[in-house]
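Could you have a look at this structure, given as structure tokens, before my questions?
The values are calculated or read from the model by the stated rules, or taken from the named source; none is laboratory data. None of these values were measured; they are calculated from a predicted model. Note: ideal-geometry Cβ built from the backbone for every residue, glycine included; neighbour counts use all protein chains shown. Heads up: the accessible areas ignore ligands, DNA and RNA and are worked out on the full protein's heavy atoms, side chains in. Shrake-Rupley method; radii C 1.70, N 1.55, O 1.52, S 1.80 Å.
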Amino acid sequence: MEPFSLTCLGVGDGMPNADRNHSSYLYQFGETTLLVDCGEPVGRSCRAAGIDKDAIDRLLLSHLHSDHFGGLFMFLQGLWLENRRKPLPINLPADGIQPIRQMLHLANLVPELLRFGVEMEPWKAGQPIIQGKVRVTPYPTTHLESLRQLLQAKYPGQYAAYCFLLEHEGRRIGHSADLGAPSDLDPLLLHPLDLLVCELSHFKIPEICAYLRDKPIKKVLFTHLSRHYWEDFEGTRQEVKRLLPGMNVVFAWDGDVVML
């Protein structure tokens with residue numbers, strides 16, 4: 001079986017953070033490397049981690065909140081300046097494609113400069129994409145549902161957000177991104193997971209722990225902790241340990257590397 005690793009480039013929540021970068025996670029499955037979300041300062045994080053300009057095979061954007069894609073433009077500029085040549089497919093919510101293309105034009109990051117080619121592809125719920133030997137299936141979450149109800153009449157849009165199931169040589173990895181309810185994870189847990197990367201920002205700890213208790217998961221990596229959970233990290237860790245006895249639970253910090 002080919003090696004697997006997850007490098008946590010940014011584990012912060014949406015608040016300004018002095019000690020955490022915003023959401024970005026580098027998954028390496030053998031020779032295939034995927035970047036999930038592109039929160040700032042992802043370009044600097046990649047350089048600090050020694051990630052080569054051509055290493056990333058595909059970028060997966062879960063939704064269009066700034067803490068999940070706000071580093072995109074500097075990331076692409078860095079790839080241009082470092083002379084990347086390999087095409088970069090980007091999967092993202094469909095209604096983000098045209099505005100991002102326009103912003104790239106305004107930032108002078110036009111195809112004549114980005115000669116490696118930026119190929120933006122819309123997510124289709126439940127329809128997998130294949131990169132090398134890795135299968136990624138997006139499933140919609142309700143993370144933006146309350147905003148859709150509040151804003152859509154004045155600001156029409158899809159308000160789409162996704163979690164992901166990543167499969168490779170029998171491994172099954174769940175990546176929550178941001179959720180609206182723990183039950184958004186149901187499609188990822190139809191079969192056992194080797195690893196669940198799960199946010200801890202939009203729920204009270206007892207709510208998410210009650211959902212995860214007795215689920216077929218070998219390891220849970222909590223990330224994206226809300227500021228009050230992060231500032232009382234030891235209290236947070238102890239409460240989760242008490243509510244999920246016997247479950248293999250760890251917490252993500254910037255720069256952590258998770259192996260399976």
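Report the trypsin sites (Lys or Arg not before Pro) located in the stretch 63-108 that are in a DSSP loop and have at most 14 other Cβ atoms inside 10 Å of their Cβ, or state none.
R85
With a 1.4 Å probe and all protein chains left in place, how much accessible area per residue does the chain have, in Å²?
Working: 11930 Å² over 260 residues.
Heavy-atom accessible area per residue stands at 46 Å².
Oh, and also: Could you size up the charge dipole of the stretch 1-138 around its Cα centre, putting +1 on the beta carbon of Lys and Arg and -1 on that of Asp and Glu, and report it in debye to the nearest 20?
Numbers: 13 positive and 15 negative charges, 54 e Å.
It works out to roughly 260 debye.
While we're here: Considering only protein heavy atoms and a 1.4 Å probe, what is the carbon-and-sulfur percentage of the accessible area of the stretch 110-161?
Working: 1750 of 3220 Å².
Carbon and sulfur: 54 percent of the exposed surface of the stretch 110-161.
Rounded to whole Å, give me the distance from the Cα center of the stretch 140-161 to that of the stretch 210-260.
If you average the Cα positions of each part, the centres end up 28 Å apart.
Report the trypsin sites (Lys or Arg not before Pro) located in the stretch 178-260 that are in a DSSP loop and have at most 14 other Cβ atoms inside 10 Å of their Cβ, or state none. Don't skip to the end; give the middle numbers.
Values: sites: K204, R213, K218, K219, R227, R237, K241, R242; in loops: K204, R213, K218, K219.
Passing sites in the stretch 178-260 are K204, R213, K218.
Might you report the magnitude of the Cβ-based charge dipole of the chain about its Cα centre, with Lys and Arg at +1 and Asp and Glu at -1, to the nearest 20 debye?
Values: 26 positive and 31 negative charges, 55 e Å.
Value, rounded to 20: 260 debye.
Here is a further query. Given 5 Å bins starting at zero, what is the percent of C-alpha pairs of the stretch 75-120 in each, up to the one with the largest pair distance?
All Cα pairs, binned at 5 Å, distribute as 5, 22, 34, 25, 13, 2 percent.
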